[in-house]
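The structure appears right after this line, and notes come after that.
The values are calculated or read from the model by the stated rules, or taken from the named source; none is laboratory data. Bear in mind the structure is a predicted one, so any value in this text is a computation, not a measurement. Neighbour counts are summed over all protein chains in view; Cβ atoms, including those assigned to glycine, are modelled from backbone coordinates with ideal geometry. Note: accessible area is taken over every heavy atom of the protein model, side chains too, but ligands, DNA and RNA are not part of it. Shrake-Rupley method; radii C 1.70, N 1.55, O 1.52, S 1.80 Å.
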Amino acid sequence: MNRYKQFLFTVLLLITCFCASPFIFVKIWKNSAEEKKAAATPPPMAAVEANAGVQTPTAEAPADKPADQQEATEVPKEDSAAKSGSYAYEKADISYFNDALFIGDSRTVGLQEYGIMRDISEFFCTSGMATSTVETSTVSGHTLNNLLTSVKYGKIYLMIGINEVANNFDTTISNYRGIVDNLKAKQPEAIIYVMGNLHVAASAESNGITNANIDYLNGLIEGLADNERVFYLDVNPEFDDGYGALKESCSGDGIHPTAEYYKEWSQWICDHTVPDGKTPPAAEPAAAAEDSTEPAQAEETPEKKDDSSNEFFTHTEG
Amino acid sequence: MVFSSLEFIFIFLPAFLTVYALTPSRYKNAILFGGSIIFYSMGVLNNPIYILLFLLTILFNYIIGEFIGHSRRGSRLWLTIGIVFNFWWLIFFKYTGFIFSNINTIFRADLPMRNIVLPIGISFYTFQNVSYIIDVYRRKAKPETSFIRYGAYISMFPQLIAGPIVTYETVAKQLKHRSHSIRRLNDGLMTFTIGLGYKVLIANEIGGLWKDIGTIGYSSISTKLAWLGVFAYSFQLYFDFCGYSLMAIGLGRIMGFDIPRNFNYPYLSVTMTEFWRRWHITLGSWFREYIYIPLGGNRHGDKKTVRNFFIVWLFTGLWHGASWNFVIWGMVLFGLLMLERFVIGDFLNRYKLIGHLYMFIVIPVTWLIFAVTDFHQLGVYFTRLIPFLPERSDVILARDYVKYWGIYAKTFIAAIVLSTRIPEKIYKKIKGSPFCAILLLVVFWLCVYRMYKGMDDPFMYFRF
């Protein structure tokens, strides 16, 4: 027995490796198969036309606007001035963000840390956030529903999807739709901005995380906008390199913009707003669960910091 | 293929060791040679011609060695041909782009800039081949008569990709005869595991901070975070390279080779002079043995000594990378070494606390020059390091260092402790015990877990 003590490590290692090897081999196999698949799968451009025929199920706005949808689901490669909805956005003062909520993933965390609205707005974001985890995540002790039921927001910005761009698009967009519906239900007067996911730099494209896929997902997201309650914003044209990818100089790792660019991005968001009061008060009783809408609040002024409804407004750095 | 990958640990290594163990001693070198070529080819899959080049280089140097060894008269000519041949390939692959771009800038020329992929390990195996033929010329080593043995020497996969730079006579005896035992296997595996832990659990982790800072952008970090960053990079570089060298030593030991130690607690040094006797020891030895001493070393007066140091450090800088920041890095080190030699060295050695403080600043700052290739970015980072300058950018996140310290504190502390001799002292005491075996087993599986989750980076020195 004493002799075996000398090579105990080897023995233990061999035993544990032997037991674990099937799992490891499977992982290695899957990994190399995935890489081959990702390289071979072309982006689902063919499905874009199919999507053009889809009607938005949320009949929020009484008049369905198929024309808008047609525009929205066009392959959003070229001209992007028209991309950010076909809506005439306006510049706003930074106080516009006093009653804003930002929901999203690590890119939203970037806005939370380096955007001009960083100490002003509420942020519900974390690295890795996805459409499937938004409703169940806890950030700084709150869940999303906590925030939505305790504070009244004038506008909600949602930017999510980059972490799922390699997954099934139908699942993702259906989750997304669910989130938007929930936002509309719980915050009937809030303006909802759904934001297109930022591209990645050409050098950072890999296994399924490609700009073609991002564009496709963004196209689906744009399809959720109705330009009445839900608006679509896409900053990609500002930061693109001319070939549909994020400019290399905008980012250190190809995926997250640098702090300076988060600042520019946040300024861009501030320059593309729907002024308060422009959205119609909740017309569909089905959508507005609570009856707390008062006409006065529909015309809320940007200055809301002293408003009593902001009692619960916690400025967390998260 | 990287050592710190599931493919290497669970496929290549077990397969190789099984075949190697079952092979009779007479053919073990052939298996080592063959297995190493397979290992090498996994790393050059996109350019399979590099395998041919590698084999050709081995063959050529083997022949040159024979010629030099067996002919007194023409041997100088053969030596020259050999050296030129070896360095020609290194220069062609590694420095053509750099040379062309400089000519283009200076002379407004328009030489074509093609993106040449570097054959992996070329910086290391070139130096090994050259050391061999020079040693044969100097009669320090007898020429290797067996091509297989020579091939095994140059290609042996533990040290092929990233060193240590093993000279021929270090392993000459072991090439002919080496002993294998379960004890060596056990020792080697433990050493390998420690190296793996250094790389995966420390270097890759703390490298995350340096990457995060790159993501934020150098102009948008606070001074405190900037300093945290350079310390993180310094630790990453050390644990990455030292870890890799330990893995090489461990693997060598399993096969009966005594690969020399490449790091000896460099961060405990009190002077840069001492540092370079503790960091990448085999590289320093190579430069001393084959450049510094032939030039006369320090035996021909101060002026010549300074010149010799200058040449050595110019080339040391360039060896690390084909870019001006590496040259500047080499020159800064040259300056410090001369300063220490002629002015402050004795003082620092006597008052060790001051020496440590001096190194505390100098090490991270010189690594910064090494780390950042773009001069503009380097300048930006430097301004961030200086606390008195007003913060240029208002984008900086307040108390960002608090956030990042929170994330990386544990790794920093582990890195600091492991930079001292304490762990090795403990290891020596507990080496035979079951406790040590369990501990290393845990380390091993933590590493595998990390790799499994896909959080591995290729070894930093791979651009060589």
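Taking the charge dipole of the range B:79-221 about its Cα centre, with +1 at Lys and Arg Cβ atoms and -1 at Asp and Glu Cβ atoms, the residue from B:ILE99, B:ILE148, B:LEU201 reaching farthest to the positive side is B:ILE148. Applying the Kirkwood pairwise sum to the alpha-carbon positions of the range B:6-178 produces a hydrodynamic radius of 17.5 angstrom.
Sorting B:129-139, A:128-138 by average packing, meaning the other beta carbons within 10 Å per residue, from highest down gives B:129-139, A:128-138.
Per-atom-type breakdown for the range B:361-409 gives carbon and sulfur 66% of the accessible area (1.4 Å probe, protein chains only). For the segment A:8-18, counting C-beta atoms of other chains within 10 Å of every residue's C-beta and taking the mean gives 6. If only the Cβ of Lys and Arg carry +1 and only the Cβ of Asp and Glu carry -1, the dipole of the protein assembly as shown around its Cα centre is close to 7880 debye. The mean number of Cβ atoms from other chains found within 10 Å of a Cβ in peptide A:250-260 is 5, as a whole number. Centroid-to-centroid, using Cα positions, the range A:90-118 and the range B:88-145 are 52 Å apart. Pairs from the list A:LYS30/B:LYS453; A:LYS5/B:LYS429; B:LYS199/B:LYS410; A:LYS91/B:LYS211; B:LYS211/B:LYS425 with a Cα-Cα gap above 23 Å: A:LYS91/B:LYS211; B:LYS211/B:LYS425. Ranking of A:ASP181, B:ASP400, B:ASP394 by solvent-accessible surface, largest first: B:ASP394, A:ASP181, B:ASP400 (1.4 Å probe, protein heavy atoms only, all chains present). Candidates A:GLY154, A:GLY128, A:ILE173 compared by Cα position along the dipole of the range A:128-208: farthest toward the positive end lies A:GLY154, with charges placed on Cβ.
Taking the charge dipole of the protein assembly as shown about its Cα centre, with +1 at Lys and Arg Cβ atoms and -1 at Asp and Glu Cβ atoms, the residue from A:THR273, A:SER249, B:PHE16 reaching farthest to the positive side is B:PHE16.
Structural descriptor for chain B: relative contact order 19 percent, calculated from alpha carbon pairs under 8 angstrom and at least 6 residues apart. Note down the net charge around B:ARG139, summing +1 for each Lys or Arg and -1 for each Asp or Glu among other residues with Cβ under 15 Å from its Cβ. Residues close to B:ARG139 contribute a combined charge of +1.
Only protein heavy atoms count here, probed at 1.4 Å, and on that basis chains B and A bury about 2800 Å² of accessible area in total. Show log10 I(q)/I(0) for the protein assembly as shown at q = 0.05, 0.07, 0.10 Å⁻¹, two decimals, from a solvent-free Debye sum over equal Cα scatterers. At q = 0.05, 0.07, 0.10 Å⁻¹ the computed log10 ratios are -0.34, -0.64, -1.13.
Note on the range B:254-278 and the range B:164-205: Cα centroid distance 15 Å, given to the nearest whole angstrom. Taking the average, over residues, of other Cβ atoms within 10 Å as the packing measure, peptides B:250-259, B:81-90 rank B:250-259, B:81-90 from highest down.
Peptide B:216-226 is shielded by partner chain Cβ atoms: per residue, an average of 3 of them sit within 10 Å of its Cβ. Extent of the range B:305-464 along its three principal axes (Cα atoms, max minus min coordinate, largest first): 53, 46, 36 Å. Shape analysis of chain B yields a ratio of the Cα radius of gyration to the Kirkwood radius, Rg/Rh, of 0.97. Per residue, the accessible area of chain B comes to 45 Å² when a 1.4 Å probe rolls over the protein heavy atoms.
Among B:334-345, A:114-125, B:20-31, the peptide with the highest mean count of other Cβ atoms within 10 Å heads the list, and the full ranking is A:114-125, B:334-345, B:20-31.
Simple spin-label estimate for B:ASP302 and B:TYR449 gives 5.9 nm between the two label positions (7 Å along the Cα-to-Cβ direction from each Cα).
The modelled label-to-label distance between B:ILE311 and B:ARG73, using points 7 Å beyond Cα along the C-beta direction, is 3.0 nm.
Check the range B:92-187 and count each lysine pair with an alpha-carbon distance under 22 angstrom, considering only pairs eight or more places apart or from different chains. Taking the Cα cut-off of 22 Å, the pair count is 4.
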